[in-house]
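A quick write-up on the structure given underneath.
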Amino acid sequence: MAYHIVADCITCGICINKCANQAVYLTADECYAIDPCRCTECIDLPKRRCHAICPVGAIQPDPAHRETAAQLWAKQRTRRSNVALDQP
Ligand code: SF4
Ligand code: SF4
């Protein structure tokens with residue numbers, strides 16, 4: 001499942017540049033959020049980078065976006081392909 005940012009967030013901004021998939025973003029009302037279409041749970045890494053770095057534990061699994069490992073791997077492959085295409 002994707003991760004999401006809960007109400008405990010203190011808007012420190014540390015997490016926004018930690019996601020390799022650019023899933024963390026700042027909303028129009030200056031709250032931090034995670035795009036579930038981009039979040040792969042860091043399935044290719046030993047730990048979830050945003051979750052590991054948040055000082056107040058405000059990044060948690062989102063039960064509204066449950067996915068299997070196969071689905072996450074498929075999303076990861078798509079995300080990394082898109083990142084590669086974005087690069088000069
Ligand atoms: S869990 Fe990983 S992929 Fe998902 S938002 Fe956090 S850093 Fe990005
Ligand atoms: S690191 Fe945690 S507290 Fe800081 S902006 Fe991200 S979710 Fe909010």
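Summary of computed values
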| item | result |
| --- | --- |
| Inter-residue pairs, beta-carbon under 7 Å, first at positive phi and of a type in the set (A, V, I, L, M, F, W, C) and in region 38-49, second near ligand 1 (Cβ under 8 Å from one of its atoms) and assigned to a loop (DSSP other than H, G, I, E, B), 6+ apart | Cys42/Arg48 |
| Pair list, Cβ < 7 Å and 6+ apart or interchain, from region 51-78 residues that are within 15 Å of Ile10 (Cβ to Cβ) and in contact (Cβ under 8 Å) with a residue 40 or more places away in the chain to residues that are among the charged types (D, E, K, R) and surrounded by fewer than 13 Cβ atoms within 10 Å (Cβ to Cβ) | Val56/Asp8; Gly57/Asp8; Ala58/Asp8 |
| Every residue from region 56-70 that is loosely packed, with under 10 Cβ neighbours inside 10 Å and either in contact with a strand residue (DSSP E or B) (Cβ under 9 Å, 6 or more places away or on another chain) or not in a helix (DSSP H, G or I) (or both) | Pro63, Ala64, Thr68 |
| Neighbours by Cβ (under 8 Å, 6+ apart or cross-chain): first from region 7-24, under 10 Å from Cys50 (Cβ atoms); second more than 14 Å from ligand 1 (Cβ to nearest atom) | Ile14/Pro55 |
| Enumeration of residues in region 22-39 that are within 16 Å of Lys75 (Cβ to Cβ), part of a loop (DSSP other than H, G, I, E, B) and out of contact with any Ser or Thr (no Cβ under 9 Å at 6 or more places or on another chain) | Gln22, Asp35, Pro36, Cys37, Arg38, Cys39 |
| Selected residue (criterion: surrounded by the most Cβ atoms within 10 Å (Cβ to Cβ)) from residues of region 6-21 that are within 10 Å of ligand 2 (Cβ to nearest atom) and in a helix (DSSP H, G or I) | Cys15 |
| Matching entry among Tyr25, Tyr3, Tyr32 (being modelled with pLDDT under 95, surrounded by 13 or more Cβ atoms within 10 Å (Cβ to Cβ) and touching a strand residue (DSSP E or B) at 6+ places or on another chain (Cβ under 7 Å)) | Tyr3 |
| Which numbered condition Thr11 misses (of (1) hydroxyl-bearing (Ser, Thr, Tyr); (2) under 25 Å from Arg77 (Cα atoms); (3) in contact with a strand residue (DSSP E or B) (Cβ under 8 Å, 6 or more places away or on another chain)) | (2) |
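The values are calculated or read from the model by the stated rules, or taken from the named source; none is laboratory data. For clarity, every value in this text was computed on a predicted model and none was experimentally measured. Virtual Cβ from ideal backbone geometry, glycine too; neighbours counted across all protein chains shown.
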